[in-house]
Amino acid sequence: SRVWHNIGAPIEESGAELPREYMLEQNYPNPFNAGSTMSFDLKDEAEWSLTIYNIVGQRVHRFTGHDAVGRVRVQWDGRGESGAEMASGVYFYRVTANDFNASKKMMLLK
């Protein structure tokens, strides 16, 4: 499981505007089998967490970090925190950063 912080050129150098609001993107690919990337925008420097839950609400995996304003990308390989492969099915991911909370649904297909 990898966490990428502001992949590629820093936003300030790429010509893109800095985010003015927090935003959670839909993961891609979705559905997925080998891995999926989840992206979110931070409008302020923040401690953040991205937590993945199974369909019954049990925590499967958790990523944490601290980043400046910009886009954060997190790669999930479909494994739980113990390293075990997760079963096919619906999962939810939730991002929390400062006063921002958002969730999305994704599908793992084996």
Residues of the stretch 83-103 classified as within 19 Å of residue 34 (Cβ to Cβ) and either part of a loop (DSSP other than H, G, I, E, B) or touching a Leu at 6+ places or on another chain (Cβ under 9 Å) (or both), total: 9
Of 64, 51, the only residue that is over 14 Å from residue 27 (Cα atoms) and not in a loop (DSSP other than H, G, I, E, B) is 64
Residues of the stretch 71-106 being in contact with a Ser or Thr (Cβ under 8 Å, 6 or more places away or on another chain) and open to solvent by 20 Å² or more (accessible area, probe 1.4 Å), which ones? 71, 73, 75, 77, 79, 92, 94, 96
Residues of the stretch 19-70 classified as open to solvent by 40 Å² or more (accessible area, probe 1.4 Å), within 16 Å of residue 99 (Cα to Cα) and of a type in the set (A, V, I, L, M), total: 3
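The values are calculated or read from the model by the stated rules, or taken from the named source; none is laboratory data. In this text the structure is predicted, and so the values were computed from the model without any measurement. Positions of Cβ are backbone-derived with ideal geometry, glycine not excepted, and every protein chain shown enters the neighbour counts. When the accessible area is computed, the model is the full protein with side chains, heavy atoms only, and any ligands, DNA or RNA have been set aside. Shrake-Rupley method; radii C 1.70, N 1.55, O 1.52, S 1.80 Å.
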